[in-house]
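Novice: Pasting a structure below so you can have a look.
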Amino acid sequence: MGLSKQVDTGNARLKILDNISFDIASGEAVAILGASGSGKSTLLGLLAGLDTPSAGSVSMAGHDLFALDEDGRAGLRSQLVGFVFQSFQLLPALTALENVMLPLELAGIGGAEKTAQGMLERVGLGERTHHYPKQLSGGEQQRVAIARAFVREPKLLFADEPTGNLDSATGAQIIDLMFELNRERQATLILVTHDEAISRRCGRALRLAAGRLLNGA
């Protein structure tokens, strides 16, 4: 894969990632660990095709991501990928139900309301479907985000510090839920975290330091 990412700061080229290579098998749960500034979120963005590398390639389900244009990458993500972010990324003008329905509606999938309602019930929010994000606690908002991520049954789930804005007790509940759903749906999980306890729940941990991979396969 040989992923590298550099940015021009005006005075110099800043190397964020340096020749990163590894493989992830279907159904595997992998943690990406590292201190702040190690390049974890940049790597996740490249793996998802949200950013482009300075060098290297990413293969997703047999597709070379960077041989596709931006629309092609977006189309592939819509078919295969779910996201859970630290900042939830819910649309404030939509209810919990509408937020979960959105990816189904964008894909033209029928029965969106019934499917989204069932997913919210699965994450314990069946009574909160018509509440807006500002009316929900942080943990509830992250449950909505998880429901949205899983509602299309993605083959691949990216999670970027999903408990970073939650207290420890709520964060533990969210992690339990995410792993439980991931096992049920048999998705591949790539999880960025700085939490060693969370990483131990994955089958494998990849460690970054100063943009370099300390271990990999």
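Every number in this text was worked out from the coordinates using simple rules, so none of it is lab data. Computed from a predicted model, the values in this text were never measured in an experiment. Cβ coordinates were reconstructed from backbone atoms using ideal geometry, including for glycine residues, and neighbour counts include every protein chain displayed.
Novice: Specify, per residue and in Å³, the volume enclosed by the convex hull of the alpha carbon atoms belonging to region 167-217.
Specialist: On the way: hull volume 4.5 nm³, N = 51.
With only Cα atoms used, region 167-217 gives 88 Å³ per residue.
Novice: For GLN89, list long-range residues whose amide hydrogen, built 1.01 Å from N in the peptide plane, is under 5 Å from its own amide hydrogen.
Specialist: none
Novice: Against the longest alpha carbon principal axis of the chain, how many degrees, from 0 to 90 and to the nearest 10, is the axis of helix 138-150 turned?
Specialist: So the inclination is approximately 80 degrees.
Novice: Among the GluC sites (Glu not before Pro) within region 116-189, which fall in a DSSP loop and have no more than 13 other Cβ atoms within 10 Å of their own Cβ?
Specialist: On the way: sites: GLU121, GLU127, GLU140, GLU180, GLU184; in loops: GLU127.
Here the GluC sites (Glu not before Pro) that fit, given the DSSP loop and packing criteria, are GLU127.
Novice: What FRET efficiency, computed as 1/(1 + (r/R0)^6) with R0 = 30 Å and r the Cβ-Cβ distance, is obtained for ALA74 and GLU196, rounded to the nearest 0.05?
Specialist: Numbers: r = 34 Å, r/R0 = 1.13.
Calculated value: 0.30.
Novice: According to the square roots a ≥ b ≥ c of the eigenvalues of the Cα gyration tensor, what is the shape class of region 76-124, taking rounded for a/c under 1.5, prolate for a/b larger than b/c otherwise, and oblate for the remainder? Kindly include the intermediate steps, with their values, before the conclusion.
Specialist: Values: a/c = 1.41, a/b = 1.02, b/c = 1.38.
It is rounded, given that a/c, with a ≥ b ≥ c, falls under 1.5.
Novice: Given H placed 1.01 Å from N in the peptide plane, which residues other than close sequence neighbours of THR188 have an amide H under 5 Å from its amide H?
Specialist: Here GLY27, LEU156, LEU157 satisfy the definition.
Novice: Now for a different question. I need to check one value: relative contact order of region 107-209, counting alpha carbon pairs closer than 8 Å and at least 6 residues apart, in percent.
Specialist: Numbers: 75 pairs, mean separation 24.9, N = 103.
Here the relative contact order equals 24 percent.
Novice: For region 1-127, take the convex hull of the Cα atoms, compute a quarter of its surface area, and give me that in nm², please.
Specialist: Details: hull surface 42.1 nm².
Averaging across all directions leaves 10.5 nm² for the Cα convex hull.
Novice: Still on this structure, I have one more. Lys pairs in the chain, Cα-Cα under 27 Å, at least 8 apart or on separate chains: how many?
Specialist: Working: LYS5/LYS15; LYS5/LYS40; LYS5/LYS155; LYS15/LYS40; LYS40/LYS155; LYS114/LYS134; LYS114/LYS155.
Lysine pairs satisfying the spacing and distance rule in the chain number 7.
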